[in-house]
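Chemist: Take a look at this one; I'll ask things after.
The values are calculated or read from the model by the stated rules, or taken from the named source; none is laboratory data. Note that this is a predicted model, so its numbers are computed, not measured. Here Cβ is always computed from backbone atoms with ideal geometry, including for glycine, and neighbour counts include all displayed protein chains. Just the protein is used for accessible areas: all its heavy atoms, side chains included, with ligands, DNA and RNA removed. Shrake-Rupley method; radii C 1.70, N 1.55, O 1.52, S 1.80 Å.
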Amino acid sequence: MAEPRKRHWLSRLSFGTISLVSAGLLVLAYLSVVIDPAKAWFFTLFGLLYPVVLLITLVLWVWSLFRRSSMRGLLTLVLLPSLFFAGRYYRFKQPEANHEATLKVVSYNVGLFAHGPEGMDRLALADSVSRFLMKQDADIICLQEFFLPPGHPLDYWITRHFPGYKAEFFVKSGKNGHQGNLTLSRKRVTDKGRINFEHSTNLALWTDIKLDSATLRLYNCHFESYNISIPGLVKQEPSVEAVEETEQKMRRSITERPKQVSAVLQNVENAPVRSLVLGDFNDTPLSYTYFRLLRGRRDSFVKAGHGFGSTYSILWPLLRIDYILYPQELTAVSYEVPRVKYSDHYPIIATYYESGRDSQ
């Protein structure tokens with residue numbers, strides 16, 4: 001009888017240890033939203049792991065109920081905050097909005113037009129993306145990592161592919177082509193500018209756009225990327241040098257983003273009108289970046305989306321890193337993430353009702 005009792009004791013100890021580790025990782029993920037990555041960059045990694053850790057903890061919690069384990073109380077406690085956080089990754093179908101949309105916005109990191117079907121060159125992929133976007137009939141289109149090969153006049157290409165839109169852009173042109181952010185609007189543009197980020201090729205464009213009831217300042221943001229190829233990382237031979245290089249890239253990206261967010265928020269605070277912030281944040285909903293930018297705004301996916309909100313195709317459905325955060329003067333009517341294979345990101349499309357129209 002001693003041997004079965006010993007195995008039972010070891011089983012309980014193992015389950016308790018795994019539960020404690022999982023619970024601890026979940027708590028660290030929660031803390032990542034309030035700890036500045038510039039001071040403790042590694043906390044962002046816990047936020048990145050949140051969906052996986054949440055799933056593991058849920059499995060352990062169910063098993064603890066089944067086994068009537070003493071760990072069920074702890075696991076229940078650490079899962080409670082996820083009632084708030086998990087809905088930023090997945091939404092159940094929501095009631096249809098009572099308002100008809102008056103504004104449609106698209107945000108899309110097109111990945112330099114370098115992630116299309118095999119055999120399709122960048123220019124052909126750019127043409128396909130422009131046709132897809134024109135079919136959306138959106139009022140505003142914001143692109144990040146826009147690219148045009150050398151030898152193609154930028155103004156002419158945009159005018160030909162996006163008739164009826166006013167283009168505001170900032171791209172760096174050189175022997176390798178044109179690269180940057182592009183904002184297209186069918187609404188009247190009253191002012192514009194850009195926010196450069198120190199020691200980075202990333203930036204944010206801001207555009208004041210006249211709506212029916214008010215003027216809105218729209219920020220087309222592309223915050224610091226990890227500059228890590230997931231497929232390349234998987235294929236790479238394991239080595240100390242590869243690990244150190246990956247760690248350095250991640251640390252730089254994570255510590256730079258808070259500075260870039262601060263630069264955008266400083267402009268937001270000084271803006272004479274309400275702001276809509278969108279683009280590729282390169283951070284998840286459980287991050288310091290996301291919650292800082294969310295203050296005073298609402299998340300379009302949370303208010304009007306359903307299903308998985310993941311926007312990074314390679315690790316779907318784990319990573320949601322593209323957002324449209326809107327002011328209270330708008331009401332989100334719909335939100336979708338078409339899973340089209342033109343980039344390593346998926347586009348996000350949201351429609352809104354201008355609440356201010358009711359008072360006119």
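Chemist: List pairs: first residue in segment 242-256 and within 12 Å of residue 44 (Cα to Cα), second residue in a helix (DSSP H, G or I) and not aliphatic (A, V, I, L, M) anywhere in the structure, Cβ distance under 7 angstrom, at least six positions apart or on different chains.
Modeler: 254/44
Chemist: Here are some residues: 202, 196, 227. Which one is modelled with pLDDT under 95, within 21 Å of the chain's Cα centre (by Cα) and on the phi > 0 side of the Ramachandran plot?
Modeler: 227
Chemist: I would also like to ask the following. Can you tell which of 145, 96, 100 is acidic (Asp, Glu), free of Cβ contacts under 8 Å to residues at least 60 places away in the same chain and either more than 24 Å from residue 288 (Cα to Cα) or in contact with a Gly (Cβ under 7 Å, 6 or more places away or on another chain) (or both)?
Modeler: Being acidic (Asp, Glu), free of Cβ contacts under 8 Å to residues at least 60 places away in the same chain and either more than 24 Å from residue 288 (Cα to Cα) or in contact with a Gly (Cβ under 7 Å, 6 or more places away or on another chain) (or both) holds for just one of 145, 96, 100, which is 96.
Chemist: Moving to a separate point now. Looking only at residues in segment 326-340 that are outside any strand (DSSP E or B) and among the charged types (D, E, K, R), which one is modelled with the lowest pLDDT?
Modeler: Applying the filter and picking the extreme gives 329.
Chemist: While we're on this one: Return yes or no: is residue 175 in contact with a Pro (Cβ under 8 Å, 6 or more places away or on another chain) and at negative phi?
Modeler: Considered against the rule, which asks whether it is in contact with a Pro (Cβ under 8 Å, 6 or more places away or on another chain) and at negative phi, residue 175 comes out as yes.
Chemist: Out of 108, 89, which single residue is within 30 Å of residue 163 (Cβ to Cβ), touching a Pro at 6+ places or on another chain (Cβ under 8 Å) and among the aromatic types (Phe, Trp, Tyr)?
Modeler: Of 108, 89, the one residue that is within 30 Å of residue 163 (Cβ to Cβ), touching a Pro at 6+ places or on another chain (Cβ under 8 Å) and among the aromatic types (Phe, Trp, Tyr) is 108.
Chemist: Next up: Determine whether residue 323 is modelled with pLDDT of 95 or more, assigned to a helix (DSSP H, G or I) and either within 22 Å of residue 81 (Cβ to Cβ) or among the basic types (Lys, Arg) (or both).
Modeler: no
Chemist: How many residues, within segment 120-160, are open to solvent by 60 Å² or more (accessible area, probe 1.4 Å) and closer than 22 Å to residue 186 by Cα?
Modeler: 9
Chemist: What pairs can you find where one residue is in segment 327-340 and farther than 30 Å from residue 116 by Cα and open to solvent by less than 50 Å² (accessible area, probe 1.4 Å), the other is of a type in the set (Lys, Arg) and in a loop (DSSP other than H, G, I, E, B), and their Cβ atoms are less than 9 Å apart, with a gap of 6+ or different chains?
Modeler: Pairs found: 327/297.
Chemist: Go through segment 184-226 and give me each residue that's touching a Leu at 6+ places or on another chain (Cβ under 8 Å), open to solvent by 20 Å² or more (accessible area, probe 1.4 Å), within 20 Å of residue 322 (Cα to Cα) and outside any strand (DSSP E or B).
Modeler: Once the filter is applied, which keeps residues that are touching a Leu at 6+ places or on another chain (Cβ under 8 Å), open to solvent by 20 Å² or more (accessible area, probe 1.4 Å), within 20 Å of residue 322 (Cα to Cα) and outside any strand (DSSP E or B), segment 184-226 yields nothing.
Chemist: Quick test for you: out of 179, 260, pick the one residue that is modelled with pLDDT of 90 or more, surrounded by 13 or more Cβ atoms within 10 Å (Cβ to Cβ), assigned to a strand (DSSP E or B) and of a type outside the set (Lys, Arg).
Modeler: It is 179.
Chemist: Would you confirm whether or not segment 307-323 contains a residue that is buried (at least 24 other Cβ atoms within 10 Å of the Cβ) and either farther than 29 Å from residue 40 by Cβ or aromatic (Phe, Trp, Tyr) (or both)?
Modeler: yes
Chemist: Which of the residues that make up segment 47-93 are closer than 26 Å to residue 325 by Cα, surrounded by 21 or more Cβ atoms within 10 Å (Cβ to Cβ) and aromatic (Phe, Trp, Tyr)?
Modeler: 50, 89
Chemist: Which number in (1) within 17 Å of the chain's Cα centre (by Cα); (2) crowded, with 23+ Cβ neighbours inside 10 Å; (3) outside any loop (DSSP other than H, G, I, E, B) marks the one condition that residue 352 misses?
Modeler: With respect to (1) within 17 Å of the chain's Cα centre (by Cα); (2) crowded, with 23+ Cβ neighbours inside 10 Å; (3) outside any loop (DSSP other than H, G, I, E, B), residue 352 is out only on (1).
Chemist: Restricting attention to segment 100-136, report how many residues are assigned to a loop (DSSP other than H, G, I, E, B) and not charged (D, E, K, R).
Modeler: Count: 10.
Chemist: Going through segment 203-214 one residue at a time, which ones are in contact with a Ser or Thr (Cβ under 6 Å, 6 or more places away or on another chain), of a type outside the set (Lys, Arg) and under 20 Å from residue 354 (Cβ atoms)?
Modeler: 207, 208, 209
Chemist: For residue 30, all conditions in the list (1) closer than 23 Å to residue 303 by Cβ; (2) surrounded by fewer than 17 Cβ atoms within 10 Å (Cβ to Cβ); (3) in contact (Cβ under 8 Å) with a residue 24 or more places away in the chain hold save one; what is the number of the exception?
Modeler: Result: residue 30 passes all but (2).
Chemist: Now for a separate question. Would you check if residue 107 is buried (at least 17 other Cβ atoms within 10 Å of the Cβ) and modelled with pLDDT of 95 or more?
Modeler: For residue 107, the condition - buried (at least 17 other Cβ atoms within 10 Å of the Cβ) and modelled with pLDDT of 95 or more - is met.
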